[in-house]
Structures are given as structure tokens and as C-alpha cells.
1. If you check Asp343 against the conditions, is it more than 30 Å from Thr286 (Cα to Cα), open to solvent by 10 Å² or more (accessible area, probe 1.4 Å), touching a residue at least 12 places away in the same chain (Cβ under 8 Å) and away from the ligand (no atom under 16 Å from the Cβ)?
2. For the stretch 458-466, check the following and say yes or no: at least one residue is within 15 Å of the ligand (Cβ to nearest atom), surrounded by 21 or more Cβ atoms within 10 Å (Cβ to Cβ) and modelled with pLDDT of 95 or more.
3. Which count do you get for residues in the stretch 1-20 that are open to solvent by 30 Å² or more (accessible area, probe 1.4 Å), part of a helix (DSSP H, G or I) and modelled with pLDDT of 95 or more?
4. Going through Gly198, Gly161 one at a time, which residue ends up being open to solvent by less than 30 Å² (accessible area, probe 1.4 Å) and on the phi > 0 side of the Ramachandran plot?
5. Filter the stretch 382-398 down to the residues that are at pLDDT below 95 and surrounded by fewer than 19 Cβ atoms within 10 Å (Cβ to Cβ) and list them by number.
6. Any chance you could count how many residues in the stretch 57-74 are within 25 Å of Ala100 (Cβ to Cβ) and surrounded by 15 or more Cβ atoms within 10 Å (Cβ to Cβ)?
7. Only residues that are more than 22 Å from the chain's Cα centre (by Cα) and open to solvent by 40 Å² or more (accessible area, probe 1.4 Å): list them for the stretch 520-567, please.
8. Looking at Ser114, Ser131, Ser83, can you tell me which residue is within 27 Å of the chain's Cα centre (by Cα), surrounded by fewer than 21 Cβ atoms within 10 Å (Cβ to Cβ) and among the small types (Gly, Ala, Ser)?
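The values are calculated or read from the model by the stated rules, or taken from the named source; none is laboratory data. Note that the structure is predicted; figures quoted are calculated from it, not measured. Here the Cβ is made from the backbone with ideal geometry for all residues, glycine too, and neighbour counts use every protein chain on show. Calculation scope for accessible area: heavy atoms of the full protein, side chains included, ligands and nucleic acids excluded. Shrake-Rupley method; radii C 1.70, N 1.55, O 1.52, S 1.80 Å.
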Amino acid sequence: MSKHGAVEQQLSLYPPPEDFVRRAHVQGMNAYRELYARAEKQPEEFWGEVAERELFWFEKWRHVFEWDPPFAKWFTGGKINASYNCLDRHLATRRRNKIAIIWEGEPGDQRMISYFELHRLVCRFANVLKSRGWKTGDRAIIYMPMVPELAVAMLACARLGITHSVVFGGFSAEALKARVQDLEAGLVITADGGWRRGREIRLKATVDEALAECPTVRDVIVYRRTGGQVSMQEGRDFWWHELDEGASEVCPAVPLDAEHPLYVLYTSGTTGKPKGILHTTGGYLTQCAATMKWVFDLREEDTYWCTADIGWVTGHSYIVYGPLAAGATSVVYEGAPDFPQYDRFWRIVEKYGVSIFYTSPTAIRALLRQGDKWPEMHDLSTLRLLGSVGEPINPAAWEWYHRVIGKGRCPIVDTWWQTETGAIMISPMPGATPLKPGSASFPLPGVIADVVDMNGDPVGPDKEGFLVIKRPWPAMLRTIWRDPERYKSQYWNRVPGVYFTGDAARRDSNGYFTVLGRVDDVMNVSGHRLSTMEIESALVRHPSVAEAAVVGRPDEVTGQAVCAFITLKKGNWDHKKLSDELRQWVAHEIGAFARPAEIRFAEALPKTRSGKIMRRLLREIVTTRAVTGDVTTLEDMAVIGRLAEQRGEEE
Ligand code: 7RM
């Protein structure tokens with residue numbers, strides 16, 4: 001960026017609107033700085049107070065945290081239950097009859113579920129699980145559409161101490177199988193299907209395919225959503241509504257250790273094998289609940305809507321556990337943002353009077369492209385706060401979001417965090433932080449973040465480096481499921497003594513953090529984390545493929561798009577046909593969202609002398625369009641080859 005540009009950006013900070021500040025939980029930068037300093041100087045007292053204030057504990061902890069690097073424990077000795085905190089606790093208050101979930105299905109069906117009613121549904125289903133013999137320490141895979149029963153299933157598991165792993169409904173049978181196997185789950189909770197752009201996604205059929213090789217699974221419980229055809233395997237498969245018939249509505253929550261595993265969520269790493277990120281109970285819930293106030297400035301009367309899928313961490317922390325622990329009224333929508341038209345989001349905002357709206361830059365860019373007429377069709381005046389998550393938001397999209405959706409009145413919280421961090425880490429506080437478009441601004445209280453070089457030395461203002469976290473935080477991952485060595489090497493051994501996020505960042509002279517993107521082989525497509533290795537391994541499983549190299553290509557809407565370079569085994573291949581087939585293949589092996597946008601066939605892939613594929617070079621080719629179109633001829637390959645050699649020398 002030019003010097004001039006940098007100066008201009010500083011000048012165009014957006015201060016929080018005065019009336020927003022007056023009513024906010026955290027009012028003004030000095031209040032933020034005080035909180036931050038307190039948390040930095042006295043972390044135990046600070047987090048102890050937050051945990052006490054935000055949550056109900058059956059028994060108080062003995063230690064706020066114990067740190068045996070790189071393994072942390074929070075609130076040790078404390079007894080708590082996440083389901084109790086999201087439900088029972090509210091029943092003794094005015095929230096008893098408050099709406100917990102406003103649900104809208106894609107076809108337009110609606111449900112309004114009070115805290116009382118949600119508690120009833122969860123207790124019944126927990127009793128179903130109990131009657132089938134499931135108990136504390138068991139593990140369940142949940143593979144469901146975005147219906148309230150997905151949250152019910154999670155909360156019923158949490159109630160009994162069954163560790164759940166929600167698998168996003170867009171994942172294929174192969175991906176589902178890998179997760180069931182890694183978790184050694186005994187129970188699968190699913191549905192016949194769900195609705196997406198008017199079509200049925202047939203989940204149960206996918207489960208059947210996946211379970212062919214999953215000997216640990218004893219029970220499959222199927223919720224009826226679409227009424228579509230399913231086959232039920234005698235003795236293994238049960239209808240939710242049949243088991244639920246006559247189930248008792250009394251089911252006490254089990255007091256669990258604060259460090260009891262709440263859930264495992266699989267996320268892409270730099271290898272072909274996804275990592276099972278383990279989150280526990282007390283610390284996780286503490287930070288989820290705290291950020292509902294600090295970041296979303298949640299008030300009793302808000303209507304809050306996070307558009308993420310519950311299958312991703314954003315849905316876990318900011319649709320289920322955070323909002324419910326904080327007693328929010330939360331909108332849950334089943335389907336696609338562009339169905340039946342591009343105004344679906346704005347229609348929902350108007351219909352339910354949404355006041356806090358949290359979505360992804362991809363969604364914002366996709367809707368921005370359709371023009372202002374769609375939001376202009378609706379009354380968006382109930383909105384008071386906007387949020388963004390999942391990837392860097394480019395200033396142009398930020399400005400549109402601010403002007404066209406927020407009408408210039410609503411602060412935007414650009415929230416940086418990860419599956420691994422469990423809760424929001426770097427974000428504006430909307431009643432305090434002057435906003436800088438494209439920047440997630442400052443670390444939240446208790447988060448000690450820095451931008452460093454490979455040795456862990458701070459790089460200084462405006463310099464690019466690695467984003468690291470220097471102290472354990474309550475919602476941090478505890479380990480990678482059954483792979484503590486990978487946990488150590490992935491996160492704690494890269495830069496000495498600190499947590500390595502895998503992101504590059506820059507901090508300006510005022511301390512604003514701008515997160516630039518991944519430094520490893522992880523891509524971010526539509527806010528979904530994908531591993532280049534995972535897609536490559538899928539491609540080379542296809543009989544025609546000799547080698548594959550996958551890189552992210554910048555994309556105006558999805559942030560990055562999957563671009564695959566392929567060398568083929570000997571044979572007479574029809575490139576056009578094969579390219580369609582390979583894209584379909586990846587959809588089958590991983591899920592439709594991982595389908596390559598582009599496939600290029602090559603004679604050879606550029607490699608270093610030690611034989612490593614130079615993805616960096618391929619990335620350059622797809623980014624700067626040094627080579628365009630199909631790289632199928634020897635001539636084109638010579639270009640890449642020469643480039644590759646030059647770079648190879650440099651390395
Ligand atoms: C919550 C979530 C994590 C990765 C992370 C970043 C990127 C997320 C932002 C962002 C820039 C942001 N979990 N990322 N939020 N980059 N600004 N506000 O997305 O595990 O799926 O992805 O997403 O690269 O490391 S995730």
C-alpha cells in the first residue's frame with residue numbers, strides 16, 4: 001500500500017456512535033484498556049470473576065488455571081454442566097418463557113422455542129439417550145441439518161457428559177466415515193435429510209454409506225425432517241420420534257468436571273488427515289459467555305442472528321453455547337442465503353426484527369454483487385450491530401456492509417478466531433473501539449497476542465509476521481483428539497514458547513491487528529477451512545491421477561477458490577470429461593464445498609531439488625495469471641519449468 005493510502009486509512013477510522021456507547025457493556029476505550037490491563041496483570045482473579053458472574057457451578061474450582069506447557073487446565077476441581085448453564089439456569093428467571101430459538105426452515109416453516117420448551121425437548125432426548133445406555137465418557141457423531149433438534153442433540157449429549165462431534169451436513173460419506181472412525185463413536189444422530197436451495201440433501205443415505213466400515217457404531221437415531229425415503233437397518237437404526245414417545249421430561253444435568261470433554265470438532269490441518277480439536281467445558285463456556293457481552297454487547301431484548309452452520313465452530317460457540325448460556329433470543333435458519341431469492345437474509349432480518357447480525361465476508365461479497373435493490377426491499381432499521389467472521393474482510397465489502405446494511409449507524413465487529421481458540425480472540429468492542437475497515441483491531445481481555453518472526457521476536461509496527469498468542473486462554477483447545485504429539489508440534493513448537501495460529505498478520509503503530517491469511521497449506525474458501533493436502537490426497541486416489549497439487553486462487557466472492565494442478569497416468573484421457581469427473585470425485589471424497597473451481601492438466605509439476613512440489617510457484621501462477629488457461633501443452637509447461645528452476649535455486 002502507498003504511504004498516502006496508509007495515512008488515508010488512519011483518517012477514516014469510525015468512532016463508535018455516541019448512543020451506542022451510552023448503553024454498551026464496555027463504554028469507551030478507557031474502559032476497554034482497564035479491563036485489558038486487569039486481565040493481563042491478574043489473570044486468575046479476572047477469569048475467576050468472569051466465570052463466577054457468567055455461569056452456574058455445582059462446585060467451585062480450586063485453581064483458575066494450571067499450565068504445564070503446552071497443556072492447560074482451567075477451573076480445576078470445579079463442577080459444571082454446559083446444558084444446565086444453557087437451559088435450567090434460565091428457568092428460575094424471567095427468561096423462562098423467553099424465546100431461545102426462532103427457527104426458520106428453508107421452505108418457510110417456523111418454530112418459536114422458549115427456554116422452557118427447549119429444556120423440555122433436551123430432557124426428553126437426554127432420557128432417550130440414557131435409555132439406550134449412553135453415558136458420560138461415550139462419544140456421539142451428530143450429522144444433521146440446521147433444525148432445532150441439532151441443538152437439542154448437542155445439549156442432550158452435554159447434559160449427560162457424552163462428548164459430541166458435529167459433522168457439517170455438506171461432508172461426504174468418506175469424510176464422515178473418517179470422523180466416526182477417529183472418534184470411535186458408538187452413536188450417530190442424524191436425520192432423513194435437510195433442505196438446501198429447494199433440494200433435499202439426503203443425510204441418512206450418506207450415513208448408511210459411511211457406516212459400512214464403522215464397527216464401533218451401535219445406534220443410529222434418525223430425526224424426521226424432510227419425510228424423504230430412507231432405509232432403516234433393523235436393530236441399528238431408530239426413529240427419534242418413536243424413541244421420544246413417552247420419554248420422561250425430568251433429566252437432571254450431570255455435574256461434570258470443568259475439564260470434561262464437551263466436544264471434538266474436526267478441522268483441516270496441513271496434512272491429509274483432519275485434526276480433532278478437543279474443547280472442554282468450564283473454560284470454553286466462560287469465554288463464550290464473556291464474548292457475547294464484550295463483542296456482541298448482548299442485551300436482554302436483542303434478537304441475535306449468527307448465519308453460520310452449526311457444523312462449524314462459529315455455530316458451536318455463537319449459535320449454541322454462547323447465546324444460550326447468555327440467555328439470548330437467537331435466530332436459526334436452515335437454508336441458503338440466495339433461496340428463493342437474494343433477499344432471504346434481509347427478509348429474515350425484517351421479519352424477526354434482528355438487532356445483531358453476524359455473518360461471513362463471503363456471504364457479504366456474494367450479496368453485494370447482486371446490488372443494493374435486495375436489501376432496499378426491506379426494513380433493516382432494527383439492526384444495531386453487525387459482525388463478520390471466517391476470513392479477512394476487504395475494505396470495499398466492509399464499507400458496503402456498513403453503508404447499505406447498517407445504514408452507517410451500526411458498528412461492525414470483525415472477529416478473528418479459530419476452531420482451536422474456541423471463542424473470539426481479536427475483535428473490536430462495539431461501544432469502545434474506533435473501527436478500521438479490514439482490521440480486527442485489538443485483542444480482547446485476557447488475550448496476549450503479538451506479531452513475531454520465526455524466533456518469536458516481535459517484528460514491529462507495519463511489518464508482516466506470524467500471529468501468535470502468548471498465554472493460555474480459557475476456551476483454548478486442550479489437545480488434538482488422541483494425538484498430543486501433533487498438538488505440540490502443530491501449535492507450540494513452531495515458534496518457541498507461544499501458540500502458533502498459522503496466520504500472518506500486521507500491527508499498525510496504533511496497535512490495530514490486521515490478519516492477512518494463512519501461512520501454511522490451509523485454504524479458506526467461503527470461510528470454510530480446507531487443507532490443500534486433504535484435496536490432493538483425494539485427487540490422487542482417482543485412478544487417472546499421478547500427482548496433484550492444490551492451491552488457493554484469489555476469488556472475488558469466495559475469498560479463495562480451489563485450483564488443482566494434475567499430472568495424469570499414461571493413457572488416452574479426454575481432459576474435458578476427466579476434469580468434470582475429478583471435480584465430482586472431490587465432492588464425493590470430501591464434500592461439495594471442496595470441489596475444485598479449476599483443474600489444470602500439466603506434463604509435470606514444478607518441484608524443488610528435494611522433490612517438494614512448489615505450491616508457492618503455482619500460487620503465483622494462479623494469482624498473477626502469469627500463465628492463463630489450460631496448461632496442457634509442453635510449451636506452457638516449459639514456462640513453468642523455467643520459473644520453477646529459477647525459484648528452486650533461490651530456496
Ligand atoms: C472462526 C473460524 C480459522 C481461520 C483463521 C484465519 C481465518 C477467521 C478471521 C480470519 C481474518 C478474521 N474458525 N479467519 N476470522 N481472518 N480476519 N476476522 O473461522 O477454524 O474455521 O478458521 O480463518 O485464517 O486462522 S476456522
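1. Taking the combined requirement at face value, the residue does not satisfy it.
2. No, the stretch 458-466 has no match at all.
3. The total comes to 2.
4. Going through Gly198, Gly161 in turn, just one is open to solvent by less than 30 Å² (accessible area, probe 1.4 Å) and on the phi > 0 side of the Ramachandran plot: Gly161.
5. Matches in the stretch 382-398: Asn394, Pro395, Ala396.
6. So the count comes out to 1.
7. Within the stretch 520-567, Val540, Arg541, Pro543, Ala546, Glu547 qualify.
8. Ser114
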